[in-house]
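Below you'll find the structure, written out as structure tokens, and then a few comments.
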Amino acid sequence: FSTVTSSYPDKLSESVRVVVRCRPLNDREKAVSPEAVLSVEPQLCQCSIRRPGGQDDPPKQFTFDGLRGCRLDSRGLRDVTVWHRLSRSQGVTEGYNGTIFAYGQTGSGKSFTMQGVSEPEAQRGVIPRAFEHVFETIQCAENTKFLVRACFLEIYNEDIRDLLGNDTKQRLELKEHPERGVYVRDLSMHTVHGVGECERMMERGCRNRAVGSTLMNKDSSRSHSIFTLHLEICRTGEQEPCRKAAQKLCS
Ligand SMILES: Nc1ncnc2c1ncn2[C@@H]1O[C@H](COP(=O)(O)OP(=O)(O)OP(=O)(O)O)[C@@H](O)[C@H]1O
């Protein structure tokens with residue numbers, strides 16, 4: 001995607017960036033009201049919402065750091081760039097902490113956006129793209145050693161569970177340490193060496209997630225999950241201490 005230009009800037013002074021994704025109407029929504037009330041202008045990162053039936057009312061307009069529409073045609077390719085860059089934009093391999101999380105009502109496409117599907121390429125999620133980015137960067141890095149460890153937890157009804165632990169039903173405690181900050185006690189950590197290992201852990205953890213059903217989404221997850229990659233970055237032959245950074249991927 002690197003040759004495709006995008007209005008989504010590479011370097012922003014803001015530490016928080018908001019990218020909006022609009023999903024196509026599903027069959028239930030089309031049956032209720034086939035009228036499209038949302039229009040998007042990805043180049044301007046703007047979307048407009050019209051009141052249903054209010055043809056004469058001016059639409060409400062919103063601007064974000066990036067925007068991806070529903071279509072996956074040739075123009076959609078440019079929109080994919082936004083997604084691709086989002087998953088690459090976090091500087092975890094340079095020692096900066098980062099979080100990517102999806103926010104929206106049930107059925108809006110949070111899991112689909114974060115996890116996605118392997119085919120077509122354009123529908124791959126932010127999480128697999130972020131795995132690739134981290135390990136591609138590690139492979140290309142010179143004079144630097146990396147230790148990568150993963151953990152995966154679920155928050156469901158205020159309870160925290162370790163999706164990769166020996167006992168995935170056990171409730172874990174949230175603690176705070178003056179140097180470490182907020183952490184989950186007894187959360188298991190797993191050393192990972194590549195994208196395949198991360199994907200297998202993700203699959204294993206997802207099988208242990210609580211899945212419910214809502215009127216708006218028959219596969220509703222009803223819970224939040226956080227997959228974290230913890231990196232230790234050591235420059236070989238230098239005296240400076242190793243840096244630590246974490247990339248959190250939430251859905
Ligand atoms: N961009 C998209 N294109 C096509 N289908 C989509 C898209 N986004 C979501 N969907 C479909 O919409 C349904 C709901 O998506 P998803 O499960 O990701 O929602 P969610 O926001 O995670 O919901 P919940 O909070 O209830 O878990 C799924 O069947 C998914 O395949």
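The values are calculated or read from the model by the stated rules, or taken from the named source; none is laboratory data. Model, not experiment: these values are computed from the prediction. Counting neighbours? That spans all protein chains shown, and the Cβs are built from the backbone with ideal geometry, glycine included. Surface areas here come from the heavy atoms of the whole protein model, side chains and all, with no ligands, DNA or RNA. Shrake-Rupley method; radii C 1.70, N 1.55, O 1.52, S 1.80 Å.
Here are a few things to note about the model shown:
- Per residue, segment 113-251 exposes 59 Å² of solvent-accessible protein surface, assessed with a 1.4 angstrom probe and all protein chains in place.
- Carbon + sulfur, % of accessible area of segment 96-251 - ligands and nucleic acids excluded, 1.4 Å: 48 percent
- Packing-based order for 100-106, 167-173, 55-61, 223-229, using average beta carbon neighbours within 10 Å, highest first: 223-229, 100-106, 167-173, 55-61
- Three-way shape call for segment 96-251 based on the alpha-carbon gyration tensor, with the a/c threshold at 1.5: oblate
- Estimated distance in nm for a label pair at PHE101 and ASN157, the labels positioned 7 Å out from Cα along Cα-to-Cβ: 2.2 nm
- Sorting the segments 113-119, 191-197, 149-155 by their residues' average number of neighbouring beta-carbon atoms within 10 angstrom, most packed first, yields 149-155, 113-119, 191-197.
- Distance (nanometres) between label positions extended 7 Å along Cα→Cβ at HIS177 and GLN123: 4.2 nm
- Surface exposure of segment 17-58, expressed per residue as accessible area with a 1.4 Å probe, stands at 68 Å².
- The order of PHE135, PHE62 by accessible area, most exposed first and with a 1.4 Å probe, is PHE62, PHE135.
- Each of the peptides 128-134, 45-51, 138-144 was scored by the mean count of other Cβ atoms within 10 Å over its residues; in descending order, highest first, they stand as 128-134, 45-51, 138-144.
- Percent of beta bridges antiparallel (DSSP, segment 96-251, rounded to nearest 5): 90 percent
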